[in-house]
Amino acid sequence: MAEEMRGLKRSHRCTEVNNSHIGQIVTVMGWVQKSRNKGSIIFVDLRDRTGILQIIFEESDIGEEGFSKAGQLRSEFVIGVVGKVEKRAGAVNEDLKTGDIEIRAKELRILSESKTPPFPIEEKSKTKDELRLKYRYLDLRRPDLQRNLMMRSKITTSIRNFLAEEGFLEMETPILGKSTPEGARDYLVPSRVHPGKFYGLPQSPQLYKQLFMCAGYDRYFQIAKCFRDEDLRADRQPEFTQVDMELSFVDVDDVIDVNERLLQKVCKDAIGLDIPLPIPRMTWREAMDRFGSDKPDTRFKMELVDVSKVVEGCKFSVFTAPLERGGSVRGINVKGQASMSRKKIDALVEFAKEFGAKGLAYFAVLEDGTYKCSFGKFMEEEELKSLAEAMEAKKGDLLLFAADKNTIVWDVLGNLRIKLAKELDLIDNHAFHFLWVTHFPLLEWNEEGKRFVAMHHPFTMPMEEDLSLLDKEPEKVRAKAYDIILNGTELGGGSVRIFQREVQETMFRVLGFEKEEAYERFGFLLHAFEYGVPPHAGLAYGLDRLVMLLVKAESIREVIAFPKVKDASCLMTDAPNIVDKEQLDELKLSIST
């Protein structure tokens with residue numbers, strides 16, 4: 001390579017060349033996107049991370065040897081070209097930033113040859129994910145992926161600049177830490193020098209950043225790598241990146257204020273989006289009652305309506321039985337879909353069953369004003385009329401109802417409204433709807449473990465007015481927690497932290513930890529609480545999700561350089577893989593099969 005590059009120095013990236021350079025000699029380098037040999041003239045599209053620039057080769061300009069080399073160029077060859085910038089002789093290409101200019105080559109260096117790639121290096125690739133991920137280093141050459149990753153860099157820089165100006169210190173926390181299996185599964189790393197003992201890779205820097213506050217650093221942030229051994233989805237990976245922060249001497253409004261201004265700056269810097277402040281807020285209970293989700297997509301209506309009181313006296317046991325057990329009956333109004341076929345409705349019923357429903361009741365208000373109702377024979381005409389009024393139904397509307405305990409009804413209708421909105425094209429995909437969800441329950445009951453677990457994490461402060469309920473009625477305690485939502489996706493979440501040792505010990509007790517066990521797991525934090533702790537709070541964003549939503553990618557794999565697939569493996573490197581027996585012996589480990 002040293003020989004090929006001798007005396008050659010790039011002067012411009014491809015799209016840095018423009019009309020102002022016409023008549024100048026420039027040196028550009030990159031990959032051959034495509035080559036078109038017309039006999040006496042060769043056209044080459046040169047590509048780098050900025051875009052494409054057309055190069056023309058003629059023997060009279062570059063000589064016989066140079067023209068012969070130009071004839072050898074194939075897709076993905078790496079070349080360097082010295083040439084003169086000219087106004088494009090042919091038709092202007094409106095699709096290219098450099099579509100009105102070209103380079104007339106004076107010198108060509110072939111810096112590296114390439115085999116024929118296993119798939120075309122092009123935008124919006126139709127190649128199967130498995131093949132693209134196996135050759136990810138080629139996939140990453142695609143302009144759309146390059147734009148995504150450059151946008152990720154731009155967003156990260158914007159975040160760093162804003163937080164630095166706000167007095168935050170960028171500080172690092174350990175990757176090798178203590179396993180704290182409360183929550184998702186930890187990735188474990190065996191220790192060679194402490195046989196039989198393991199480090200846990202961090203699911204978040206939570207405890208360390210609280211200790212930074214104990215140590216007086218006041219405002220901390222970190223672009224942190226985190227790890228969770230859990231099943232993958234479109235917006236989840238086993239290793240991911242958090243924008244993590246913690247602040248001292250603050251309450252909820254302080255954290256929300258700084259983060260609203262952060263989001264405003266990042267969105268403006270990244271995509272020119274103006275976010276009006278303040279961002280709307282909604283309590284957890286309101287979000288569940290209206291949208292059936294604690295991360296509601298507010299870009300469309302179709303909100304849940306509680307009709308429990310309307311149907312409580314009817315003779316339809318599917319409605320009344322759940323009410324007698326403390327449940328609810330709720331519905332959604334699918335506007336203009338009264339003529340939906342029975343086959344489609346049956347498919348919706350099956351979909352509802354995936355989320356715990358025993359079925360789905362439907363009620364269509366036909367264009368002639370009559371009703372088509374799956375439960376009409378169990379209700380009087382006036383009862384049906386009252387139900388239609390409660391749902392604000394008009395002619396042509398389809399009403400869908402779920403009846404069960406609240407958690408199931410919310411889950412069923414919340415997912416159903418999203419499914420229908422996508423199928424009926426009700427979502428404005430150009431809109432960006434931010435929302436804060438607040439006042440979460442502190443705890444939720446785990447049926448499998450027969451105990452309470454923290455809805456966020458065990459270090460979340462209860463609402464002051466609910467503190468007295470923590471021992472007696474923990475299910476009624478609300479948390480000083482807040483999630484930031486964008487278009488129905490949780491971007492991040494945080495809370496005010498417990499900073500009094502007695503409250504933290506009570507919290508552990510409610511979660512089922514004996515005092516000895518709590519100190520065994522979290523003693524370093526509890527001991528730190530004996531030495532003067534400031535009130536503190538924090539928040540963490542999923543950077544991958546934020547970038548995914550701002551660039552409108554369908555999966556976080558499109559904004560992560562080297563992602564894993566669904567089984568948490570890397571198709572490119574074949575990780576995870578077996579290791580030598582000698583390595584296992586050093587770690588005092590054996591594998592049982």
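The values are calculated or read from the model by the stated rules, or taken from the named source; none is laboratory data. Just so you know, these numbers come straight off a predicted model, no measurement behind them. With ideal geometry, Cβ positions are generated from the backbone for all residues, glycine too; neighbour counts draw on all protein chains shown. When the accessible area is computed, the model is the full protein with side chains, heavy atoms only, and any ligands, DNA or RNA have been set aside. Shrake-Rupley method; radii C 1.70, N 1.55, O 1.52, S 1.80 Å.
What to note about this one:
- Listed by first and then second residue, the pairs linking a residue in region 40-51 that is farther than 12 Å from residue 14 by Cβ to a residue that is among the aliphatic types (A, V, I, L, M) and buried (at least 19 other Cβ atoms within 10 Å of the Cβ), with Cβ atoms under 6 Å apart and 6 or more places separating them unless they lie on different chains, are 42/70; 43/56.
- Taking region 225-312 and the helices (runs of 4 or more DSSP H) fully enclosed by it, the elements with 3 or more residues that are closer than 23 Å to residue 478 by Cα and open to solvent by 60 Å² or more (accessible area, probe 1.4 Å) are at 252-271, 284-291.
- Hits in region 121-137 (condition: in contact (Cβ under 8 Å) with a residue 40 or more places away in the chain and open to solvent by less than 80 Å² (accessible area, probe 1.4 Å)): 121, 129, 133, 135, 136
- Summed over region 505-529, the residues that are within 31 Å of the chain's Cα centre (by Cα) and open to solvent by less than 50 Å² (accessible area, probe 1.4 Å) give a count of 5.
- Extreme residue, modelled with the lowest pLDDT, among residues of region 72-107 that are open to solvent by less than 30 Å² (accessible area, probe 1.4 Å) and of a type outside the set (Val, Ile, Thr): 99
- For residue 163, the criteria (1) farther than 30 Å from residue 585 by Cβ; (2) open to solvent by less than 30 Å² (accessible area, probe 1.4 Å); (3) assigned to a loop (DSSP other than H, G, I, E, B) hold in every case but one, which is (3).
- Members of region 317-335 found to be crowded, with 21+ Cβ neighbours inside 10 Å and under 19 Å from residue 408 (Cα atoms), listed by number: 319, 322, 328, 329, 330, 331, 332, 333
- Filter pass, residue 422 being on the phi > 0 side of the Ramachandran plot, out of contact with any Gly (no Cβ under 7 Å at 6 or more places or on another chain), open to solvent by 20 Å² or more (accessible area, probe 1.4 Å) and not aliphatic (A, V, I, L, M): no
- Those residues of region 1-53 which are in contact with a strand residue (DSSP E or B) (Cβ under 8 Å, 6 or more places away or on another chain), among the aliphatic types (A, V, I, L, M), outside any strand (DSSP E or B) and surrounded by fewer than 19 Cβ atoms within 10 Å (Cβ to Cβ), in sequence order: 1, 5, 8, 22
- Identity of the residue in region 108-120, among the polar types (S, T, N, Q) and outside any strand (DSSP E or B), that ends up least open to solvent (accessible area, probe 1.4 Å): 114
- Members of region 336-349 that are aliphatic (A, V, I, L, M) and either touching a strand residue (DSSP E or B) at 6+ places or on another chain (Cβ under 8 Å) or over 15 Å from residue 412 (Cβ atoms) (or both): 338, 340, 345, 348
- Answer residue from region 350-384, given it is part of a helix (DSSP H, G or I) and farther than 21 Å from residue 411 by Cβ and is most open to solvent (accessible area, probe 1.4 Å) among those: 377
- Of all residue pairs spaced 6 or more apart or on separate chains, those with beta-carbon atoms under 6 Å, a first member in region 440-465 that is farther than 15 Å from residue 483 by Cα and a second member that is open to solvent by 40 Å² or more (accessible area, probe 1.4 Å) and of a type in the set (Gly, Ala, Ser) are 451/512.
- Count of region 356-394 residues, restricted to those that are basic (Lys, Arg) and farther than 16 Å from residue 320 by Cβ, is 3.
- Residues (among the β-branched types (Val, Ile, Thr) and over 15 Å from residue 334 (Cα atoms)) located in region 346-405: 370
- Within region 257-286, the residues that satisfy the criterion of being closer than 28 Å to residue 560 by Cβ and among the β-branched types (Val, Ile, Thr) are 258, 266, 271, 275, 279.
- Residue pairs whose Cβ atoms lie under 7 Å apart, separated by 6 or more positions or on different chains, with the first residue in region 53-76 and closer than 11 Å to residue 40 by Cα and the second of a type in the set (D, E, K, R), are 56/102; 56/104; 67/59.
- Restricting region 385-407 to residues that are of a type outside the set (D, E, K, R) and assigned to a strand (DSSP E or B), the residue that is surrounded by the most Cβ atoms within 10 Å (Cβ to Cβ) is 402.
- Candidate set from region 439-476 (those that are more than 21 Å from residue 256 (Cα to Cα), among the aliphatic types (A, V, I, L, M) and not in a strand (DSSP E or B)); member that is most open to solvent (accessible area, probe 1.4 Å): 467
- Within region 204-224, if we keep just the residues that are within 20 Å of the chain's Cα centre (by Cα) and open to solvent by 30 Å² or more (accessible area, probe 1.4 Å), the residue that is nearest to residue 187 (Cα to Cα) turns out to be 204.
- Residue 410 fulfils the conditions (1) of a type outside the set (D, E, K, R); (2) open to solvent by less than 40 Å² (accessible area, probe 1.4 Å); (3) in contact with a Cys (Cβ under 9 Å, 6 or more places away or on another chain); (4) closer than 22 Å to residue 298 by Cβ except for a single criterion, (3).
- One residue from 347, 338 being open to solvent by less than 60 Å² (accessible area, probe 1.4 Å) and part of a loop (DSSP other than H, G, I, E, B): 338
- Every residue from region 184-203 that is open to solvent by less than 70 Å² (accessible area, probe 1.4 Å) and closer than 20 Å to residue 493 by Cβ: 184, 186, 202, 203
A quick yes/no check of all residues on (1) over 20 Å from residue 242 (Cβ atoms); (2) out of contact with any Phe, Trp or Tyr (no Cβ under 8 Å at 6 or more places or on another chain):
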residue: 475; (1), (2): yes, no
residue: 481; (1), (2): no, no
residue: 485; (1), (2): no, no
residue: 490; (1), (2): no, yes
residue: 499; (1), (2): yes, no
residue: 509; (1), (2): yes, yes
residue: 512; (1), (2): yes, no
residue: 515; (1), (2): yes, no
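- Flag for residue 154 being touching a residue at least 24 places away in the same chain (Cβ under 8 Å), open to solvent by 60 Å² or more (accessible area, probe 1.4 Å) and assigned to a helix (DSSP H, G or I): yes
- Any chance residue 15 is of a type outside the set (Phe, Trp, Tyr) and in contact with a Gly (Cβ under 6 Å, 6 or more places away or on another chain): yes
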